[in-house]
Amino acid sequence: MRTAFYDRDHAYLLRTSETRTLIELGRFRVIAAQDLATHAYQGQRERMQEDIRNLARQGLIRQRRFEGSDASSRELLTLTKSAKKLLRSNRMVQQDQSLYCGFVKPREANHDADIYRLYQKEATRIESAGGKDVRVVLDFELKKEINRDFATFGLESREQIAARHGLRVVNGKIPVPDLRIEYETRDGDLGRVDLELATEHYRPRQLAEKVRAGFSIYAHSGEADRLQRVLDQHDLTAEILSL
């Protein structure tokens, strides 16, 4: 059964699973259809496809195939501007949760889509420790806030700006993670974890900066061993977690 949701004079008919899909797409900007089926629909791909068709028919999502590094392609999904407005006007997400729409950087679309899978890995760990997910913060949001602070306070305030956002200065820069998860711990405190999805294109210096910044580093299973050797060669104590 679908319920009518309104944005100004336009009505959209949505069922609960479809509103959840819109919220997930808004929080992460881009999600691979296969990952959405696995995590949001518990493997029920036909149910997901039915929802996707309805959302696309109403102009709420866009679908596009992108070629990956291994020359294979996969279907990625993102919100439209109309869907973003609908979520806000109906207060379907917390006010402090940023929402995104559109394929902004096609060359980075596959990497951006993998952030959702990265989130699922870490969210499982947080929940097993008694935590509760509160808010997802992508690098877009953190960079925007940091640049705003630089414009206000100047480059000489780098250390203070980093501390204000719970980050560190490394080699004169403020590294920003791909994903930050803010959550409520079992004891009711605010917890936070910064995550980076490293790829085979990361240079040793770049990887070292992310480690020194205190990020938890993930990599695809085929790349994790090589990146771990890079860290070992530079005497950096950190574990490359497998995505």
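Cross-link pairs exceeding 22 Å in C-alpha to C-alpha distance, out of K143/K173; K144/K173; K81/K144; K84/K210, comprise K84/K210. Among the GluC sites (Glu not before Pro) in the range 63-144, none sits in a DSSP loop with a Cβ that has at most 16 other Cβ atoms within 10 Å.
Looking at the chain, do any whole DSSP H helices span at least 15 angstrom along their long axis by alpha carbon and average -1.0 or above on Kyte-Doolittle, and which?
Helices meeting the criterion: 16-28, 139-153.
Pairs of alpha carbons in the range 3-104 separated by more than 19 Å make up 40% of all such pairs.
Residue exposure proxy: R180, R192, ordered by other Cβ atoms within 10 angstrom of their Cβ from fewest to most, comes out as R192, R180. Spatially, the range 216-232 and the range 1-75 are offset by 31 Å when compared through their Cα centroids.
Across the range 133-222, Cα-Cα distances exceeding 21 Å account for 36% of all pairs. A DSSP coil position with no more than 14 other Cβ atoms inside 10 Å describes the following GluC sites (Glu not before Pro) in the range 156-243: E200, E239. The mean sequence separation of alpha-carbon pairs under 8 Å and at least six residues apart, normalised by the residue count of the range 112-242, gives a relative contact order of 21 percent.
Seen from a random direction on average, the alpha-carbon convex hull of the range 186-243 projects onto 4.5 square nanometres. Against the compact-protein benchmark of 2.2 N^0.38 Å, the Cα-based radius of gyration of the range 68-112 scales to 1.46. Other residues lying with their Cβ under 9 Å from the Cβ of D133 contribute a combined charge of -1, Lys and Arg counting +1, Asp and Glu -1.
Labels on offer are (1) 15.1; (2) 16.2; (3) 13.5, and the one holding mean projected area of the Cα convex hull in nm² computed from this structure is (1).
Computed from the coordinates by the stated procedures, all read-outs in this text should not be read as laboratory data. Please read all numbers here as calculations on a predicted model, not as lab measurements. When we count neighbours, we look across all protein chains shown, and the Cβ atoms used for this are built from the backbone with ideal geometry, even at glycine.
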